[in-house]
Each structure stands twice: as structure tokens, then as C-alpha cells.
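Report on one structure; see the data block that follows.
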Amino acid sequence: MSSRIRRPKLLRRSRVIWGSFNLWRPRLVFWTGALAIGVISVGFAKAADLAQRAFTGVTQSGEWTWLLPLLLTPLGFVLSAYLAATLFPNSQGSGIPQAIAARHLHHDEDRTKLLSLRLAFGKIVLTILGLFSGASIGREGPTVQVGASFMLAVARFGGMAQAKGLILAGSAAGIAAAFNTPLAGIVFAIEEMSRTYESRANGLVLTAVILSGLAALGLSGSYNYFGTADVAPTMFRDWVVMLICGVGGGALGATFSGLALYAGIRIRRWAQPQPLGRMLILAGLCGLVVAAIGVFSGGQTFGTGYEQARGAVEGHALPMLFFIEKLLASFLSMISGIPGGIFAPSLAVGAGFGSTVGTLVGGGVALAAILGMAGYFAGVVQAPMTAFVIILEMTGDHQAVIPIMAVSMIGYVTSRLLSREPLYHGLSRVFIAAAIRARRAMEKEGLHQP
């Protein structure tokens, strides 16, 4: 009789334990995924830096330094574009438009075509290849696609079904770990990725950013991306610089994003008869011009532009035309069809623009470079809060909080007046439209089958 009484108690206890495990399993898997994004982001950053240094070492040694980029860069562009088109479709470009598009799709199969572990692997490898080829690209945008892909895949394993919130969390974690800017990761997720505040997803985003940030912090330590600046407007000319950087940077950013969206439409139409062959021709030509610009600038426009932007933030003036050269190199790298982001190159363009404005007006180069980054970056992505927070966290310049905020808003307003559609959301429409067409074709084919 006693054994009959005990058995139900044991069964009930085991069910409670098993039920609690099932309750905690998705959380544990999610936390593990967030930590893994931080580790992957740090490894990606180190590999990207090694690739860029390798390109510099190869092309700046020997007597024929001017010739090597003219050979290596076009070949690298063609190879990267070919692999992206054949082995890793939908890995082209920044990766942020893919993540935005995936949040608007309703079927897991459609999301998997934009966010998957296979694409994440290809994105990392091809971005590193692009940097080894001297492309003017960054790794931060690709880290968003990598983070969103990894979080979505890990969440499927853990039985989590909130796809939109998970993509948001993975994207935010990628930005936070890539730049070591946790606040910017959260603001970026709310302002740029979703364009709305979703109360159900805020816990996921915050947790993912904290855990990925902790992993990155443990591996890389605490640092500011561009060092620590301590400059603020002290003279009337500094306020003039602020106004010019806001209006001029916003207009320059709107020009870049508007031309990128227009060029994307024209290129897709031009490539229609023979998409692979024509895109490879375009990649080769873009690579050749990027190499020529790099040689003409003495190698200043190759790669992310991190060193040049950091130098400007530290008060070392950049060449007067650097921002134009870097903008052209970044634009050509973007439309070439190779994987790679525009975050870091945009910050370099903005720093160069600010440096030039500061030199001409007679203001401080360091402050002008920081304000130039804020105005141009806000103009390109049309996300003023993200621009303000990310630059504040990357430079640590708390003395110029109000000027950075003001320039970001001025740049955003100027850009919106000139270009109505934000760059990343405009680019995401291409992937959304392709997914809708593919699903309609599949459904139509299914209806015709007996």
C-alpha cells in the first residue's frame, strides 16, 4: 500500500523537474547564443584586422607597390562576388538590409534564405577576403547579419518561436560586440532595425546585448573604438564647424544613400540578361577603380578607414580630399556586389569631412572630426539617435554631448529633406520583393501540380 502511495509522488516530482527543465531550456540556449555572438564578433574583428594588415604588408613592400593593388584588388572583388553569387546567395552587401527584410517575412523558409549559419559563415569569410583585397568595407554591418543568423538558428534548437524579437536581439548583440558599444546596440535595434519600440522584445534585446558585451569584454577588455577624446566647442568658429558638419555631412550622406539606391536599381536592370557574368564584370571594374583611388591616395582609402578616423579624432588632420576619395571607394565597394559593410568607412568619410572643415575654418581638428562623423553617419543611415550614441560611446567625448546630438539631428533633418527613403530600409525592399516573388511562384507551381 505504501509503495502505491509513493509512486505518484515520485512521478509528480519528476514531472516538475522535467517541466522546469523545459521551461529553462530556451533561456539557457538563448543565453548561450548571445555569449557565442560576442565570441564570434571578437574573432571576426581580429581576423578582419589581420586581413587588412596583410593587404597593407603585401602591397607596400617591394618596388612595384603601385602595381600590386591594381592586380590584387580587382581579382579579389571578382572572386568575392562570384562566391557570394554561387555559394552564398544573399550575402552581398552590408547584411543589415537582409536582417531587416527577414523581420518582415512570415515564413521560416523565407527567413532562412536571408539568415542562416551557412550565410553567416560565408559572410565572415567573404568580408575578410574583401579586406584582404583592399575593399573599402567594414565588418560591423556583416556582424549584424551574422548575429541575427546565429541567434535565429540557436533559437530554433532551443524551441523559441519569437522570430522577429530574436532577429532584433541578434542584430543588437552583433553591433554591441562589434563596436564595444552596448547602448548603441540597443538604440540601433529600436531605431534602425524595427523603427518602433516593441515591449515584448526589449527584454530579449537587453539580455542579448549584455551577454554578448560581456563575452567581448572578457576577450578584448574595455576600450573605446577611437580612443578617448575630451574636446568641446570653445570658440565661435567651433560652432560654425558644428553647423557646417551638420548640414554638409547630412547632405553628403543623403547623396551617398540616394546614389546607392538609384545605382542598385539600374544595376539590377542592366544585369538581367546575364546576371552572373555582368555582375562579375562590374565587380572587376569597381575593384580596378578602387585600387586606382587607393594608389592615388597613397593607400589611405584601402580597408575600413579605422586608422585614419582614429588619427583625426586624436587631432591629426587628414588630407583635404580624403573624404571624397574614401566616399568614392566606399560607394564602388558597395555597388560591386561583394559582402561588406559601410559603418566603418562612413565614419572615416565623416571624420575626413570634419577634418577638412576644421582645417578650412580654423577650428580644432579633433572636435571637427567627431562632429563630421555624427553629421555624415546620421545622413547616411537616417538614424540620429544611433549616430549620437554610437559616436559618443566610441570616442568617450562627454564634453561634447550636446554638439554631437545637435549635429546628428541636423544631419538627419538635412538628409530627410534630400532623400526620403532610409538606405538600409530601401535596400531591404529588394530582398522582401524577391522572397514574395519566389513564394508566389512556388504556390503557383503547387496549384498546377496534379
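Details
- Within the set L280, L259, the sole residue that is in a helix (DSSP H, G or I) and within 18 Å of L327 (Cβ to Cβ) turns out to be L259.
- Unique match (being open to solvent by 30 Å² or more (accessible area, probe 1.4 Å) and farther than 26 Å from L87 by Cβ) among R310, R269: R310
- The listed residue being open to solvent by 60 Å² or more (accessible area, probe 1.4 Å) and modelled with pLDDT under 90, out of G62, G33: G62
- In the stretch 86-111, the residues that are in contact (Cβ under 8 Å) with a residue 60 or more places away in the chain and closer than 22 Å to G340 by Cβ reach residues that are outside any helix (DSSP H, G or I) and open to solvent by 20 Å² or more (accessible area, probe 1.4 Å) with C-beta atoms within less than 8 angstrom, at least six apart or across chains, in these pairs: N90/K113; Q98/N90.
Here is a yes/no grid of residues against (1) crowded, with 24+ Cβ neighbours inside 10 Å; (2) at pLDDT below 90; (3) under 30 Å from V295 (Cα atoms); (4) hydroxyl-bearing (S, T, Y):
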{"position": "F77", "(1), (2), (3), (4)": "yes, no, yes, no"}
{"position": "Y82", "(1), (2), (3), (4)": "no, no, yes, yes"}
{"position": "A85", "(1), (2), (3), (4)": "no, no, yes, no"}
{"position": "P89", "(1), (2), (3), (4)": "no, no, no, no"}
{"position": "H104", "(1), (2), (3), (4)": "no, yes, no, no"}
{"position": "D108", "(1), (2), (3), (4)": "no, yes, no, no"}
{"position": "R118", "(1), (2), (3), (4)": "no, no, no, no"}
{"position": "F121", "(1), (2), (3), (4)": "no, no, no, no"}
{"position": "I124", "(1), (2), (3), (4)": "no, no, yes, no"}
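- Which listed residue is open to solvent by less than 10 Å² (accessible area, probe 1.4 Å), in contact with a strand residue (DSSP E or B) (Cβ under 6 Å, 6 or more places away or on another chain) and of a type in the set (G, A, S), from G147, G141, G130, G134: G141
- Residue list for the stretch 385-397, filter: open to solvent by 10 Å² or more (accessible area, probe 1.4 Å) and either of a type in the set (S, T, Y) or touching a residue at least 40 places away in the same chain (Cβ under 8 Å) (or both): M385, V389, E393, G396
- Residue check, L83 more than 30 Å from T181 (Cβ to Cβ), in contact with a Leu (Cβ under 7 Å, 6 or more places away or on another chain) and assigned to a helix (DSSP H, G or I): yes
- Listed by first and then second residue, the pairs linking a residue in the stretch 430-449 that is at pLDDT 80 or above to a residue that is among the small types (G, A, S), with Cβ atoms under 6 Å apart and 6 or more places separating them unless they lie on different chains, are F431/A101; I432/A101.
- Residue in the stretch 231-240 that is touching an Asp or Glu at 6+ places or on another chain (Cβ under 7 Å) and at pLDDT below 95 present: yes
- Filter pass, L318 being among the hydrophobic types (A, V, I, L, M, F, W, C), over 17 Å from the mean Cα position of the chain (by Cα), buried (at least 24 other Cβ atoms within 10 Å of the Cβ) and in a loop (DSSP other than H, G, I, E, B): yes
- Single residue of S428, S333 found to be farther than 22 Å from F179 by Cα, open to solvent by less than 10 Å² (accessible area, probe 1.4 Å) and in a helix (DSSP H, G or I): S428
- Of all positions in the stretch 342-355, none carries a residue that is free of Cβ contacts under 8 Å to residues at least 60 places away in the same chain, open to solvent by 30 Å² or more (accessible area, probe 1.4 Å) and not aromatic (F, W, Y).
- Failed item in (1) farther than 21 Å from P275 by Cβ; (2) free of Cβ contacts under 8 Å to residues at least 60 places away in the same chain; (3) assigned to a loop (DSSP other than H, G, I, E, B), with S136 passing the rest: (2)
- Inter-residue pairs, beta-carbon under 7 Å, first of a type in the set (F, W, Y) and in the stretch 360-379, second open to solvent by 10 Å² or more (accessible area, probe 1.4 Å), 6+ apart: Y376/L252; Y376/F353
- For the stretch 360-386, a residue qualifies if it is assigned to a loop (DSSP other than H, G, I, E, B) and of a type in the set (A, V, I, L, M, F, W, C), and exactly one does: A383.
The values are calculated or read from the model by the stated rules, or taken from the named source; none is laboratory data. All of these numbers come straight from a predicted model, not from anything done at the bench. Neighbour counts run over all protein chains shown; Cβ positions are idealised from the backbone, glycine included. The accessibility values were calculated without ligands, DNA or RNA, using every heavy atom of the protein model including side chains. Shrake-Rupley method; radii C 1.70, N 1.55, O 1.52, S 1.80 Å.
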